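Since every read-out is calculated from the coordinates, none of them should be taken as a lab result. All values reported here derive from a predicted model rather than from experimental measurement. Here the Cβ positions follow ideal geometry from the backbone for every residue, glycine too, while neighbour counts run over all protein chains shown.
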Amino acid sequence: MKLEGIHHITAITGDAAGNVEFYTGLLGLRMVKQTVNQDDPTVYHLFYGDDEGSPGMDLTFFEYPGAAPGIAGAGMVHRIVWRVAGPAALEFWRERLQVAGVDVRPVGASLLFSDPEGLQHELVHSTVADEPLTAASPEIPAEHALQGFEGVRAYSSAPVRSERLLSETLGFTRQAGEHWEVRGDRRGSFYAYDPAPPEINRRQGAGSVHHVAFASQIGDHETWRLRVAQAGAHPTPVIDRFYFKSIYFREPSGVLFEIATIGPGFAVDEDAAQLGERLSLPPRFEPLREELRETLKPLPYPPPWRLAGDPSQLPS
């Protein structure tokens, strides 16, 4: 029984429209589900990813309009690390981001930048054999597209507390220092700790990561919950999120973990060719549709080229 790397990463935005413009427009991701926060259905929950909405590429956001900026501290993920194909892709992104006015910092063989709300990203040349997960965009050559999550970096003031849960319970493998790998039969990713900054006023808010989810086969999900419970991490019951099932718990360093199932997937309630083009509501929220039309602001999605479905507008 193995976890198949990162399933998705969920962050917070205070501006859904601007968030869509950055992640689908500038970064070229596909909106794979436009829905609501199932714990607070008055606000958006937006999912971005590859063209199929695959686990391993899903970056999601809760929108809390006008949310104050978050401050990452101990017990929080502070950086999302993405795979790209190689040095030429890194150069493409350096130029593209700079032209868009984004502050880009080359650090060794990677690029660091932040989204408009301060969420940190890193692009790295990945050499793993995992299948690349990409989204089509007319402005981004296919060979330079983002290829999925390489991993995340979190702050911890005492990472030793997390070693047993990571290694013995969840099956992570230490690579070096506080750098861990979680790998299944098809995919993997890393989870790493950095020393926590001295700020004591850490807080969730716009531009901060809410939680990181790891991917489980559906048949293993309840067993994972039992293992986490036996390790003393107090998981929630299995929660049906319609597009996948989830359990949540905090690892000892304080980061909120989720284990989410691979499937049933985002095509359970809309055609795969039209993912994310309309507001999708799990059945129990469908009675709220008319009310939500009045409260949720329209989003700048889908772009005309995707609605047209015209391959001539895609890079060859």
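Observations
- Placed amide H near Ala11: partners under 5 Å, 5+ positions off or other chain: Thr60, Phe61, Phe62, His210
- Residues in the range 118-124 carry Karplus couplings, in order, of x, 6, 7, 10, 9, 10, 10 Hz; the curve used is 6.51 cos²θ - 1.76 cosθ + 1.60 with θ = phi - 60°, and Gly or Pro positions show x.
- Shape of the range 1-93, Cα gyration tensor, a/c cut at 1.5: rounded
- Computed from point charges on the beta carbon alone (+1 for Lys and Arg, -1 for Asp and Glu), the dipole magnitude for the range 141-191 about its Cα centre is near 140 Debye.
- Restricting the range 4-88 to trypsin sites (Lys or Arg not before Pro) that sit in a DSSP loop and have at most 15 other Cβ atoms within 10 Å of their own Cβ leaves nothing.
- Electrostatic dipole magnitude of the range 26-129 [Cβ: Lys, Arg +1; Asp, Glu -1; Cα centre; debye, to 20]: 280
- Computed across the range 238-311, the Kirkwood radius stands at 15.2 Å (inverse of mean 1/r, all Cα pairs).
- Ranking of His210, His144, His8 by count of other Cβ atoms within 10 Å, fewest first: His210, His144, His8
- Cα gyration tensor, the chain - rounded (a/c under 1.5), prolate or oblate: rounded
- Close amide-amide hydrogen proximity is noted between Ala154 and His78, Ala192, Tyr193, Asp194, each under 5 Å apart and 5 or more residues distant or on a separate chain (H modeled in the peptide plane; Pro and chain starts excluded).
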